[in-house]
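Taking it in order: structure first as structure tokens, then the write-up.
The values are calculated or read from the model by the stated rules, or taken from the named source; none is laboratory data. Values in this document were obtained by computation on a predicted structure and should not be read as measured data. Counting neighbours? That spans all protein chains shown, and the Cβs are built from the backbone with ideal geometry, glycine included.
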Amino acid sequence: MNFLSRFFKRDMSCHQVAAVMQQYLDAELEPSQVPKVLKHLEACKDCGLEATMYTRIKDSLQNHQESPTEDSIARIRNLAEELAANGIPEAAE
Amino acid sequence: MPELDVLMRVARSITGNPTDADDLVQDTLLRAYRAIDKFDGRYPRAWLLTIMRNAQINRVRRKRPELMRDPDTTLAVVANTDSDAKTPESVVLDRTFDAAVERSLAAIPAQFREAIHLVDIDGLSYNEAAAVLDIPVGTVMSRLHRGRKLIRNDLTMDPDFERASS
């Protein structure tokens, strides 16, 4: 992607994409920026590979999530319902 | 209450064990109930997470005053893994991409790991993670960026990486 092409079409450079890559992967990027990042990632092999690598790391990290036990969920849900219905239980005062 | 799952996951991250996590969520709900008049109705999750953070600070201060000098300690404990325990089965399992990522995650500085844990594992937004950590959003972004880069670099130097990533 040469300089003139970027200048006239206002495409993002590798440097600019690298600066917002994490926000893009976390869905925290300004929506108007997203198509420009996507366009660059499709056209630039290096940045595309970089994004793929970070996406795989992010996906892998999500597998670390530990779900609370049924008992825990029930206990907390009971407290929430108790609070909504009757206020703070005496034992917690 | 749709925020309960998130509260429970974050509580588990910042306490390091299920029992303390349950207590922290209960404490958070009670505090939220008492403070409901002060809540403006916007961003309930961020509001609850801020309450949770303050509740955890009080709990840690009561239990272990010395830990308050280093608030990053809590997640450092959570993420520590026993890398010396190697059975034939674990060696095989180790050669997966997930295991390689886990090793790398455990090896990075605690403050980066903490940000990654909250955003990537617990699913918080930048604003919510900033509320939990009581740091600016820009600092959350910076820690995420640096932490992930360390993991990425570590993975590319891992001799098992080619096999694990294929």
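Exactly one residue out of A:32, A:13 is of a type in the set (S, T, N, Q), surrounded by 13 or more Cβ atoms within 10 Å (Cβ to Cβ) and either more than 29 Å from residue B:4 (Cα to Cα) or touching a residue at least 12 places away in the same chain (Cβ under 8 Å) (or both): that is A:13.
So in region B:118-128, with the set limited to residues that are in a helix (DSSP H, G or I) and facing chain A (nearest Cβ under 10 Å), which one is surrounded by the fewest Cβ atoms within 10 Å (Cβ to Cβ)?
Looking at residues that are in a helix (DSSP H, G or I) and facing chain A (nearest Cβ under 10 Å), I get B:127.
So, in region B:100-141, of the ones that are under 16 Å from residue A:55 (Cα atoms) and among the small types (Gly, Ala, Ser), which residue ends up modelled with the highest pLDDT? Residue satisfying both the conditions and the ranking: B:104. Residue selection: residue A:5 satisfies the criterion of being more than 8 Å from every other protein chain (Cβ to nearest Cβ), modelled with pLDDT under 90 and more than 30 Å from residue B:4 (Cα to Cα).
For region A:57-73, a residue qualifies if it is more than 7 Å from chain B (Cβ to nearest Cβ) and either over 29 Å from residue B:114 (Cβ atoms) or within 16 Å of the chain's Cα centre (by Cα) (or both), and exactly one does: A:59.
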